[in-house]
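Structure first, commentary second.
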Amino acid sequence: MPATGMVTRSSFIGIDYTLDHVGNRFDATLRQPIGVFDNTLTAGFDVNRLKYDKTRGDSATAQALNPYDFLPGNFPTTVTVGELFTTRTDTQSIFAEDQFKISPKLSLIGGLRWDRMSYIKQDSKGVAADVEKVFTHTSGRLGAVYALSPAASLYAQYSTAVDPLAGIVNTTAQQSQLDLSTGQQAEMGWKQLFDQGKGEFTLAAYWIRKKKLLSRDALNPDLYQQVGAQSSRGIEASFSYTPTSALRVDINGAVLDAHFDEFREVAAGQVVSRAGLTPPGVPERMANAWVTWSFWPRWEAGLGVRYVGPRQVDNANASRVGSFTVADASLRWAVRAGTTLSLHAYNLTDRVYAQTLYNSNNQWILGRPRSIEVSALIWF
């Protein structure tokens, strides 16, 4: 507030949830030649049940704070219940995949999957409408692998897929009336081992297209709409090398072009096309590098750097956040069989950067500042 020099704190959210998951997966493999050709068939099923209970408290009285004499205070005790609901999601899936060897070097691979999701949501406050919905979908893939040598191979594949809307366990009554988001992907690449298996690298080019994406209505943020399509094409590369038994280097990176193919929204009272623009929050340049060194028996140190390129803030691409580079480190000590102590140091240079962007109100969540974490892993 410019007039008083105070900062208003008004967003108080407390979230409590319970998630119970039980399920089973079964598959069987049959290796049976078809004539003179080797053939391997794998088939099976998945069954799962998710029970999800959620309570969210919000809408507390706003507080005014002096940023130059800051007192953190306590979380308000008068927060009202904003959400209170339970859901149950039952999924059943049947899948099959086949590998057919045309020759010792060339194999064809195909797969099919059928999914059924039964979703029930009950509002415990009796305010929002209850939901009962069944989603079904069939997806598949087809590809080929060609072995150039025992250490190198080329591959190509095309696949289809489906995504639940904003996470199936949180689907609202309004969202349940929409279709699932569907996708297509084509990919081709080259995988190579070298130096007697000490190193490997992968180079891949891909194209991905998704349709019926979920987006908030520009005129009513409480409502959602499904918008045309967006796609991405790019190149990814990864490299791993272990020059000695104590040292390992991992490097990977991606360059891509992501854009809306079909998307119209209301802006300033006019319907505007966003086709050709970059979706918000999508970096089109990324890279990671990590070095691991076993410098002493049972001791291992690691140092890594990650780079994320600039990202657009809104659908109109009117503003964007800059790129950032963050360095992390780790130290592990295997105290004895079944016990490992770890020390992780994050953001060594204490870089200030935006980790998550919110298009609806131009808010950013800052990334983790320089911090240290100590953990113990014990198994028996």
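No lab work stands behind these numbers, since they all come straight from the coordinates. Because the structure is a prediction, the values reported are computed rather than measured. Quick reminder, even Gly has a Cβ in these numbers, built from the backbone with ideal geometry, and neighbours come from all protein chains shown.
Distance check, please: which entries in LYS51/LYS121; LYS101/LYS198; LYS121/LYS210; LYS54/LYS125 exceed 19 angstrom between their Cα atoms?
Check vs 19 Å cut-off fails for LYS101/LYS198; LYS121/LYS210.
Roughly how many debye, to the nearest 20, is the charge dipole of the range 168-307 about its Cα centre, given +1 on each Lys and Arg Cβ, -1 on each Asp and Glu Cβ, and no other charges? It would help to have the intermediate numbers written out before the result.
On the way: 14 positive and 14 negative charges, 24 e Å.
In debye, rounded to 20, the range 168-307 gives about 120.
Classify the range 131-183 as rounded, prolate or oblate, taking a ≥ b ≥ c as the square roots of the eigenvalues of its Cα gyration tensor: rounded when a/c is under 1.5, otherwise prolate if a/b is larger than b/c and oblate if not.
Numbers: a/c = 5.21, a/b = 3.77, b/c = 1.38.
Judged from the Cα gyration tensor, the range 131-183 comes out prolate (a/c at least 1.5, a/b above b/c).
In whole angstrom, and with the biggest value first, how far do the Cα coordinates of the chain range along each principal axis?
80, 54, 49
Determine the sum of side-chain charges near ALA151: Lys and Arg each +1, Asp and Glu each -1, restricted to other residues whose C-beta is under 12 angstrom from that of ALA151.
Charge balance in the 12 Å sphere: 0.
For ARG56 and ASP98, FRET efficiency with R0 = 45 Å and r from the beta-carbon atoms, rounded to 0.05?
Working: r = 46 Å, r/R0 = 1.03.
Efficiency, rounded to the nearest 0.05: 0.45.
Filter the trypsin sites (Lys or Arg not before Pro) in the range 273-332 to those in DSSP coil with at most 12 other Cβ atoms within 10 Å of their Cβ, and list the result.
Numbers: sites: ARG274, ARG285, ARG298, ARG306, ARG311, ARG320, ARG332; in loops: ARG274, ARG298.
Within the range 273-332, the qualifying trypsin sites (Lys or Arg not before Pro) (loop, at most 12 other Cβ atoms within 10 Å) are ARG298.
Need the list of aspartates and glutamates near LYS191 for cross-linking: C-alpha distance under 16 angstrom, and skip anything on the same chain fewer than eight residues off.
In chain and number order, the partners are GLU200, GLU236, ASP250.
Quick one: net charge around ASP90, please, counting Lys, Arg +1 and Asp, Glu -1 for every other residue with C-beta under 11 Å from its C-beta.
Residues near ASP90 contribute +4 overall.
Once you charge only the Cβ atoms, +1 for Lys and Arg and -1 for Asp and Glu, what is the size of the charge dipole of the chain about its Cα centre, to the nearest 20 debye?
520 debye
Lys/Arg Cβ at +1, Asp/Glu Cβ at -1, dipole of the chain taken about the Cα centre: which of PRO243, ALA64, VAL145 is farthest positive-ward?
So the residue furthest toward the plus end is PRO243.
Which one, THR172, ASN317, GLY111, projects farthest toward the positive side of the charge dipole computed for the chain from Cβ point charges (K/R +1, D/E -1)?
GLY111
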